[in-house]
Structure formats: C-alpha cells, structure tokens
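The values are calculated or read from the model by the stated rules, or taken from the named source; none is laboratory data. On a predicted model such as this, the values are computed, not experimentally measured, just so you know. FYI the Cβ positions are ideal-geometry reconstructions off the backbone, even for glycines, and counts take in every protein chain you see. What goes into the accessible areas is simple: the full protein's heavy atoms, side chains included, and nothing from ligands, DNA or RNA. Shrake-Rupley method; radii C 1.70, N 1.55, O 1.52, S 1.80 Å.
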Amino acid sequence: MSNHHPSADRLSCFAAGSLPMNQALCISVHAEHCPQCRRELQRLELLGAELFSAVAVQRRSDNLKTALMAKLDTLGLEADTGSPATEPKPAAPANVPRSLRKLLPDGLQGVHWKRLSPAIYAAKLCTDVNGAKVELLKIKAGGQVASHNHSGEEITVVLAGSFSDADGVYRRGDIIFRDREHKHHRPIASQDADCICLTSVAAPIQFTGFFARLLNPLIRRSHYSS
Amino acid sequence: MKRVAKDRDRDAFAELFEHFAPLIRSYSLARDPGAHLVADELVQEVLIRVWLKAHTYNSSKANVNTWIFTLARNCRIDYLRRNGRYASEVDADDLFAAIEADEPGPFETTQQRHTADRIQRGLDQLPVDQSNVLAKIYLEGKTQQEAAAELRIPLGTVKSRVRLALQKLEVLIRGEEQ
Ligand SMILES: [Zn+2]
C-alpha cells in the first residue's frame, strides 16, 4: 500500500509549482488522500520558501509601492467584510477531489461516459499544452483493460473502487506511474465495485494484443479499451 | 503580519512590501528574465492577496516566508495558465488546497521551525550542482526535462541531484526510497 506514492523529486517539483498540469492534478488528488505526502509537501514548501527568501534581490521601483498603497483604498472595504476576494464556492460534490471540482461540476454521477467496450468507459477532462491527456476511466466491476504499451508516461490515481495488476492491488488514493519499461500490465477492477480512476497519459499508447489492434481505430480518441 | 491582519495597519503593510516586493520581483525575473512588467504585476497581485487574505493567515501553520512563497508560486502558476502554458481551468489554489487544509499541532509547528532553520543553514553548504538544480526547479519554474536540457545533463542526473539535495537538507521524513 504505502509504496504507491510519487517519488521525492516529483513531489518537490509539485511543491515548487513547476510540474506540468497533467501531473500536478494527479499528485494533488493523491495528496488529498495521503497524509504522509501532504507532510512531505509541507516540508518541500519550506525548502521553497528558504530558496525564495535567499534569492538575489534587484532594486524595485518606488512607483509600484505608491501605486499599490493607493490601491489598498479600493480594496480596504472588501477586505473587512470577510473573504469577498474568493468567489462563492459551488456546492461541492462530496466524492470529487478538490482539484477536480472545476472539471467535474456535477460530480462523478454527472460524468458523460463514453463507452469504449462493455467493461470500459472514459471521459476526457482536459489536455495539457504538452499534449498529455487527462481522462477519467471507469472499469466495470471485474472488467479488464487490454495490454498496452506506453509511448509516454501514464499516471493513474484511483478515485473509487480498486483494481489490481501483476504488481499489486491499488485502492482509493493510490497513485501508479508507468513508463515505457512497464509493458503489458493488465489492470482488472475488483469484482465488488466499478473502479474509477484519474489517468494522465503523456503520449498515445499502442495496444499490443491482437484483439486490441482491431479495436484501435475505434478508440483513437481515448487510450484505453478492453 | 499580525498588525496587517488585525488592524489593517498600513505602515506594517509597507514594511511587508519593503521586504517581500524585491523577493517576489526577483522570483518572477528568475523565470522570465527581463520581463519587468510581468514581475511588477506579480508583486502587485501577491501583495494584494496578502492584504486581502491577511486575516486567514495562520502563523501556527506556516511562517510568513512560506505563506508568501506559496502565494507567489500560486499566482505565477495562474499567470502562466492564463497565458497558455497550462491548458486547464484548474486554479493553483485548487491544486494546493489539500496541503493547506492540515492543522498542525504545536509539536509540528516547532518541528517546522527547526526544519526551516536547518534548511537555511544547509543551503549554504550544498554543492553548486545541486543548488543549481533546485534553483531551476523552484525559482525558475523549470520542469525536470527543461532543467536537464539547460544544464546539459541527463534527466536521471537532475532527479538524483534533487534527491541528494533533499537528503543533505534532511527535508524528507520518510527518507529516500524509490
Ligand atoms: Zn503518498
């Protein structure tokens, strides 16, 4: 269980704010479920703050200070009335991680699933500027995803249910990284419940099984099938 | 900081400005050298957030440095997102909300201060090749791939230098596996 965490160097990129958005979303969802990684991230933010405080300073313009102080007048009133700077929060769907709420305003129930096979459904969430696709994937209870190669890194975070592959069992909050070296893993959802995952794929995946090859033209727009 | 939060003390805010504006400015210029307008914009945006959110600042949770670093980081991510570096509607605040939600006890608060002190001392002694990588990632906002390309070293070397630095600075609780 506890070895399904992001590596330290990846956590530090997240804390630094330099991780590509597709990866950052996955780390954020994991962190919401993982107190251990949250603690590490807090410490990695301390490191960021120390680096930030030690940065070589350049002279500023005093105009900016004057302008900003003047601006406070227009903000002053608002500031006293609570937190008006933050827009009213929409009623939060309970089972949706915080960082996905804007992408899933109607919660997991409101997702428009696209059927890829009897056992696999997908819903696209966003595409990062680096080309990485972020999707939701639903594997019906007991369903299996076809063997596939990754031409780029695939990150999976379990949002609901659980699945297993040759390397282990993954439950809610677990995060799994797979790159080119990991071939032919065949994830199977547990028998008792549908498994919903957040996935981010850096580049298109090629399916390797014969049956999968037949399916490939049908699933161009997604990365998964059974 | 307390005076800003409680009394909306302008002199106290001016002091914060004196200290942090140059840091935020340099932080922005580290990523976009020469982009002085962008840097000024970030200074304004961060300090306005400080003014507006001062009452939500919790000194037991983070020192002022850390709070302002995270504000600057989040503002910069949102700025880059608005300008097409990230394609997503997700705000930086959404990404980091889970980390901020934790309420540390007094023990964690003390521990945090010790950690910050240790990091501060350790940074001076870090080998240049390690601190360069940290600067790329934290200050210049580079991805590991970008850092590798600019420093002309393999990606694996970037990762190992980060890990070595984290070890030396004793940042991690769990130590190093993976
Ligand atoms: Zn974790």
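A few points about this structure:
- Each label was represented as a point 7 Å from its Cα along the Cα-to-Cβ direction; for B:Q111 and B:K6 these points are 2.9 nm apart.
- Taking all protein chains together, B:M1, A:M21 sort by accessible area into B:M1, A:M21, largest first [probe 1.4 Å].
- Neighbouring partner chain Cβ atoms per residue of A:35-45, average, 10 Å criterion: 6
- Residue ranges B:139-151, A:164-176 sort as B:139-151, A:164-176 when ordered by packing (mean number of other C-beta atoms within 10 Å per residue, highest first).
- Over the range B:1-102, Cα pairs under 8 Å with separation of 6+ residues give a relative contact order of 24 percent.
- Exercise: per-residue mean of other protein chain Cβ atoms within 10 Å, B:70-83: 2
- Set of lysines with alpha-carbon distance to B:K136 below 22 Å, sequence-local pairs under 8 removed: B:K159, B:K168
- Computed on chain B, with alpha-carbon pairs under 8 angstrom and 6+ residues apart, the relative contact order is 19 percent.
- Measuring with a 1.4 angstrom probe and ignoring ligands and nucleic acids, B:D11 comes out at about 110 Å² accessible.
- Across peptide B:115-126, the mean count of Cβ atoms from other chains lying within 10 Å of each residue's own Cβ comes to 3.
- Separation of alpha-carbon centers, the range A:1-44 and the range B:20-57, rounded to whole Å: 25
- Relative contact order of the range B:104-178, taken over Cα pairs closer than 8 Å and 6 or more residues apart, is 34 percent.
- Of the DSSP H helices in chain B, those whose Cα atoms cover at least 15 Å axially and whose Kyte score averages 0.5 or more: B:36-53
- A:V57, A:V158, ranked by accessible area, largest first (probe 1.4 Å): A:V57, A:V158
- Candidate lysines - alpha carbon under 19 Å from B:K2, same-chain residues fewer than 8 apart omitted: B:K53, B:K61
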